[in-house]
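So the structure is just underneath, and the comments pick up after that.
The values are calculated or read from the model by the stated rules, or taken from the named source; none is laboratory data. Since this is a predicted model, take the numbers as computed values, not measurements. Please note: Cβ atoms are built from the backbone with ideal geometry, for glycine as well, and neighbour counts cover all protein chains shown.
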Amino acid sequence: MRGLIIGVCVLFSIIFIVSCDSVMPASLEEDQLLDGPVSGLTGAEHRQFLLGDAAFNTEIFTGQSGLGPVFVATSCGSCHAGDGKGHPFTTLTRFGQSDASGNKFLAQGGPQLQHRALPGYSGERLPDGASSSRFVAPINTGLGFMELVSDVDLLAMADPEDIDGDGISGIVNWNTIPSYVKVADGAVSHEGKYITRFGKKASVYNLLQQTANAYNQDIGITSSFEPVDVYSHLEVDPEISTQTINNVVFYLQTLKAPIQRSTEREEVIKGKDLFVGISCEKCHKQTLRTGNSHIAALANKEFHPYSDLLLHDMGSQLDDGYTEGTAKTYEWRTAPLWGLGLSPNSQGGSYYLLHDGRAHSIEEAILWHGGEAASSRQSYEQLSDADKELLITFLKSL
Amino acid sequence: MKYILVACCCLGLMHVSIAQVDSSLFRRIPRDTSFGKSMNMDAVYNRPFLSVGKVPVATGGYVESDYTYSTMDGISEGHTFRIPRLTLFIASSLHRKIKFLTEVEFEDGGKEVSIEFASLDFMFHPLVNFRGGIVMNPIGAFNQNHDGPKWEFVERPVAMTQMLPATWSNVGFGLFGKKYSSSWAFGYELYLTNGFDESIITNTRNRTYLPAAKNSPERFMESSNGQPLVTGKVALQKKSIGEVGISYMGGVYNKFQDDGLVLDEKRRVDVVAVDFNTTIPVWKTRIIGEWAWVHVNVPLSYGPQYGHRQYGGFIDVVQPVKSGTIFGFSRSVLNAACRIEYGDWNVGKFEETGTTIGDCFYAVVPAVSFRPTPQTVIRVNYRREWSRDIINNPSSRTAIIQLGISSYF
């Protein structure tokens, strides 16, 4: 009888444990997570999202499956933990181009350094005389929305001659695109070049190019899109299927946009007013709009990246002497600020901001701004400590 | 290997067919006492065996099955039922001083079949025994003492199975022996076997992972690099205190040359482990623990993803709370138990930032187990685990409820 009582107690304990949220850990709030699909996908689209998710976050490459032999990281997820900003240990080094005339170091391993190598191989070293810049991996979320902003909208925001006299120009990056990239409907071209928008220098046309290029340059994986091995510089058999790349592209397109937190807090509202008031919003555009898309959940939607996807002169302190496309070495694409407050969750509890992670706080990142952003930086410096705190609070809510 | 499997099946069939005729022909074989006092190193023979009629072999085995419900950061994959392993033993005494034992394991419902042990032992002297065949490398204690029915926890200790590669066995030869008195026992083992390969630092776990070497289909046929793996252990036991062991395993893991051509420098893996077990007489509280340190020479150019150093271990505390007749089982025991475990897969700092590399976990596992007989256990576990990724991002939280059964047969 006593045994029976003990057994019943154990059974009830299990039922209690299973039903108790504090014992079975609860999920994080949706606005604390960067991963997850946009709402409104169909069942079939959810399936493809999950396939892309698995390829992006759990597929690890080894020497047997094509890694390298020279590389930067062993998987997509190594650089984009939780789909957030990357950590400096997977920072990319690009080198070999100083102006619009192109990369002079392609034969010496350019445009990207693969400084790591499989056992028995040696990683690449920067060639003498090559200019270079280091790029921390960006946040992945909401990329599908950014891909669908029309060229017309980008050109409308650009003001290369600063006609409105506000000190902020903003230009598009005209760049050549690989033959496998299908040009979007309504795309604008100029002397055989197209408007590119992804990457720190806005030098990549779309997410297919970004994905195929990252597999190749970051992991050393060849595909039907990028068939040249980064080590031998020879065309080799694809090491990843076209379908897998398509799944990853779909995954990146349909990752939800970061959700702003604490939007009702007074400090956040006041901080946002200050953000607009000192003209940060002139480049870090709050709202953009997508065009048509075969993915209904993305078509004709407003979204809030806090970026205009244009290149701006950021001053000499952020001039690394390296560039891509027609961007100048001191020009950088406006970094989308959405997800900024969640950066420490994917960067090991710290901030590593700006293109190379040199800024260890939001304030430090603001203070590195120069060039077209110098006036806004000076305005920030003149704010009271309390107002600075409000502005930072708003930025952390993004 | 095929022949051994066929032999196992034949013996199994014979066992069944005879049993269908008359189960009284079964005969329980007494525990092997040829080495006197039992220590961890005797675990492979310290199991229940049955012989059938006059068949000159003894057989045995164990089975494990469990139910799992888990959530990670609030997301659950629901309810899962598994049969992680079914293991068969066959033992034979060819001579008073020559013994053979094999252990064949069917894992994950038969998806994987492996010979975990198949050795001939020749006793020349209690301190000088020669063993050859597939041996279990004596690193730590769990590797040799891993039978499911011996433990109060559904899952095996993570650090011993995913940091150390338990169950880790290889083809090789070696010596072992024991010296004991009424209250003390000393044992040693020393083997040369095939070893690891480069998969320990090139694997889909994205971390230095010694168990990856178990996936090589050739490892029982040839060494990956022609270099033997040295494994040795010494253990000391005092009846009133318990047993403590210290063990070492090391060797070159990479294929540094092929066809006479140099491919890379020789790179070593070295492991040191300590283990202990004791029973507090007053309360009959059993305490079992093991800790291991792993050092792997990873090429510097390979980056920090695959760690040079790892350490981790576990401690189990098992407290009998009721023994005697429960539910009509006359020798049953009800235990309360708790396991604490920790593992750091990548000890060090990032060169780029000077910050600590993560890739670590710790877990607490309270448990209740019921043993209707000493050889059978029903166990309920709750596992709470906190783990960090390589970058040291905020912990992911996992909770697992498990109900499992395990029994020798």
Report those helices (runs of 4 or more DSSP H) wholly inside region A:1-87 carrying at least 2 residues which are modelled with pLDDT under 90 and either away from chain B (no Cβ under 11 Å) or within 30 Å of B:Phe370 (Cα to Cα) (or both).
A:2-19
Within region B:364-398, restricting attention to residues that are among the hydrophobic types (A, V, I, L, M, F, W, C) and over 24 Å from the mean Cα position of the chain (by Cα), which residue is nearest to the other protein chains (Cβ to nearest Cβ)?
B:Ile391
Assuming B:Glu152 fulfils every condition listed in (1) within 14 Å of chain A (Cβ to nearest Cβ); (2) under 30 Å from B:Ala367 (Cα atoms); (3) touching a helix residue (DSSP H, G or I) at 6+ places or on another chain (Cβ under 9 Å) apart from one, which condition is it?
(3)
When region B:343-353 is checked residue by residue, the ones that are within 11 Å of chain A (Cβ to nearest Cβ) and touching a strand residue (DSSP E or B) at 6+ places or on another chain (Cβ under 6 Å) are B:Lys349
Counting only residues that are assigned to a helix (DSSP H, G or I) and among the hydrophobic types (A, V, I, L, M, F, W, C), region A:212-251 contains a total of 7
Picking from B:Ser181, B:Ser216, which residue would you name as being hydroxyl-bearing (Ser, Thr, Tyr) and more than 27 Å from A:Ile219 (Cβ to Cβ)?
B:Ser181
Given the conditions (1) more than 14 Å from chain A (Cβ to nearest Cβ); (2) crowded, with 17+ Cβ neighbours inside 10 Å; (3) out of contact with any Lys or Arg (no Cβ under 8 Å at 6 or more places or on another chain); (4) under 22 Å from B:Ile287 (Cβ atoms), every one holds for B:Ile340 apart from (2)
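Going by the conditions given, is A:Phe95 out of contact with any helix residue (DSSP H, G or I) (no Cβ under 6 Å at 6 or more places or on another chain) and free of Cβ contacts under 8 Å to residues at least 40 places away in the same chain? Spell out the reasoning first.
On the way: out of contact with any helix residue (DSSP H, G or I) (no Cβ under 6 Å at 6 or more places or on another chain): yes; free of Cβ contacts under 8 Å to residues at least 40 places away in the same chain: no.
In short, no.
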So for region B:284-291 (the condition being touching an Asp or Glu at 6+ places or on another chain (Cβ under 8 Å) and within 13 Å of another protein chain (Cβ to nearest Cβ)), does at least one residue qualify?
no
What number of residues in region A:287-317 are out of contact with any Phe, Trp or Tyr (no Cβ under 6 Å at 6 or more places or on another chain), crowded, with 19+ Cβ neighbours inside 10 Å and over 13 Å from A:Phe145 (Cα atoms)?
3
Lone unmet requirement of (1) over 19 Å from B:Pro211 (Cα atoms); (2) more than 9 Å from chain A (Cβ to nearest Cβ) for B:Val294
(1)
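Across region B:96-127, what is the number of residues that are β-branched (Val, Ile, Thr) and within 16 Å of B:Asp42 (Cβ to Cβ)?
So the count comes out to 0.
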Quick check on B:Phe142: is it modelled with pLDDT of 95 or more and assigned to a strand (DSSP E or B)?
no
Are any residues in region A:72-130 closer than 29 Å to A:Leu342 by Cβ, hydroxyl-bearing (Ser, Thr, Tyr) and in contact with a strand residue (DSSP E or B) (Cβ under 7 Å, 6 or more places away or on another chain), and if so, which ones?
A:Thr91, A:Thr93
Taking region A:348-362 as the search range and keeping residues that are farther than 14 Å from A:Arg134 by Cβ and surrounded by fewer than 17 Cβ atoms within 10 Å (Cβ to Cβ), which one is farthest from the other protein chains (Cβ to nearest Cβ)?
A:Ser361
Expected single match for closer than 20 Å to A:Gly63 by Cβ and more than 13 Å from every other protein chain (Cβ to nearest Cβ) among B:Ser216, B:Ser247, B:Ser223 is B:Ser223
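Here's the yes/no breakdown for (1) closer than 18 Å to A:Ile60 by Cα; (2) buried (at least 18 other Cβ atoms within 10 Å of the Cβ); (3) modelled with pLDDT under 95; (4) among the charged types (D, E, K, R):
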position	(1), (2), (3), (4)
A:Val228	no, no, no, no
A:Glu239	yes, yes, no, yes
A:Ile245	yes, yes, no, no
A:Val248	yes, yes, no, no
A:Tyr251	yes, yes, no, no
A:Ile269	no, no, no, no
A:Val276	no, no, no, no
Of (1) farther than 25 Å from B:Ile287 by Cβ; (2) hydrophobic (A, V, I, L, M, F, W, C); (3) out of contact with any Leu (no Cβ under 6 Å at 6 or more places or on another chain), B:Ile241 satisfies all except one. Which?
(1)
Could you check region A:98-117 and list, in sequence order, the residues that are closer than 28 Å to A:Lys193 by Cα, without any contact (Cβ under 8 Å) to a residue 60 or more places away in the chain and either at the interface with another protein chain (Cβ under 8 Å from one of its Cβ atoms) or of a type in the set (D, E, K, R) (or both)?
A:Lys104
